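Engineer: Let me give you the structure first, and then I'll get to my questions.
The values are calculated or read from the model by the stated rules, or taken from the named source; none is laboratory data. Predicted model only: the values in this text are computed from it and were never measured. Here the Cβ is made from the backbone with ideal geometry for all residues, glycine too, and neighbour counts use every protein chain on show.
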Amino acid sequence: MTGRRADGYHLLDSLVVFADAADGIEALPGAQLSLAVDGPEAGALEAEPDNLVLRAARALSAAAGVPPSAALALHKVLPVASGIGGGSADAAAALRALDALWGLGWPDARLAEVALSLGADVPVCVASRPARMSGVGEMLAPAPSLPRFGMVLVNPRVALPTPAVFRARDGAFSQPAVLPDGWEDAAAMASDLAALRNDLEPAAMVLCPAVAAALAALRDLPGCLLARMSGSGATCFAIFDQPGDARRAATALPAVWWRWGGGLHGTPG
Ligand code: C5P
């Protein structure tokens, strides 16, 4: 994190990648706007009337001047409020699906404007490509070229609201990281990233001590090259040499936690 804007939002310097773990979004024609939610992580959303997917639909309908009519279905696989951008990705996917359903054909840049009004990290999810993210989330540059690597995600099943973690943040701001143009392999990437930190990690650990337990469990996994908290937590990630190594390693984590292992979206598994 590199500073703070006058409106209180924090200026970020983040590397964003897209793991091959995803919720599902479907948009079908409907007389009015509706949302059905199912899937293993749907429970936590039932109590939330103002789902980000519905907000995305209303925002796009208002911006495009079309009636907000669609039957949306969300299959929730990623834990809610877990710092891996699941809700932001759902909102971005809803924008894309509705852009197609309503025949808008908007370019990414126009969708990104609506996306930013929904949340700081929704634009990067519209782009859906590895990115170096700055500003409050709206400034996107290509990420260094990434090697094939494996990733484990683990969430200790504590929902951590993003604003609370930002509020609890303390300490000096960091300088933007200096990164190479790319990495040959996972070990080289992990060693460069090990020199950096997630400035929200200490605050998240105070609010949720289980973050420390999750990080310790990841570091104990054979083949773990680096373990860090993701975003504002409480999900933590670990980097492995290959997607298969990550898949196998994830099964050794406590089954009471949400856990996933694999590779990046769009890369060979
Ligand atoms: O924009 P989004 O809804 O994702 O952000 C949730 C909250 O996280 C904001 O209200 C703000 O408190 C905090 N935040 C921040 N700086 C950012 C992104 C989010 O302070 N760059």
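Engineer: Inside the range 2-20, can you point out the residues that are out of contact with any helix residue (DSSP H, G or I) (no Cβ under 9 Å at 6 or more places or on another chain) and surrounded by 14 or more Cβ atoms within 10 Å (Cβ to Cβ)?
Structural biologist: THR2, ARG4, LEU11, LEU12, ASP13, VAL17, ALA19
Engineer: If you go through the range 62-119 one residue at a time, how many are touching a strand residue (DSSP E or B) at 6+ places or on another chain (Cβ under 7 Å) and part of a helix (DSSP H, G or I)?
Structural biologist: Qualifying residue count for the region: 6.
Engineer: If you don't mind, there's one more thing I want to ask. Please work out which residue is nearest to GLY261 (Cα to Cα), limiting yourself to the range 33-85 and to residues that are among the aliphatic types (A, V, I, L, M) and free of Cβ contacts under 8 Å to residues at least 12 places away in the same chain.
Structural biologist: Among those that are among the aliphatic types (A, V, I, L, M) and free of Cβ contacts under 8 Å to residues at least 12 places away in the same chain, it is ALA47.
Engineer: In the range 8-25, which residues are modelled with pLDDT under 95 and more than 9 Å from the ligand (Cβ to nearest atom)?
Structural biologist: Matches in the range 8-25: none.
Engineer: Of all residues in the range 82-135, which are within 16 Å of the chain's Cα centre (by Cα), surrounded by fewer than 20 Cβ atoms within 10 Å (Cβ to Cβ) and within 13 Å of the ligand (Cβ to nearest atom)?
Structural biologist: Selection gives LEU116, ALA120, SER134.
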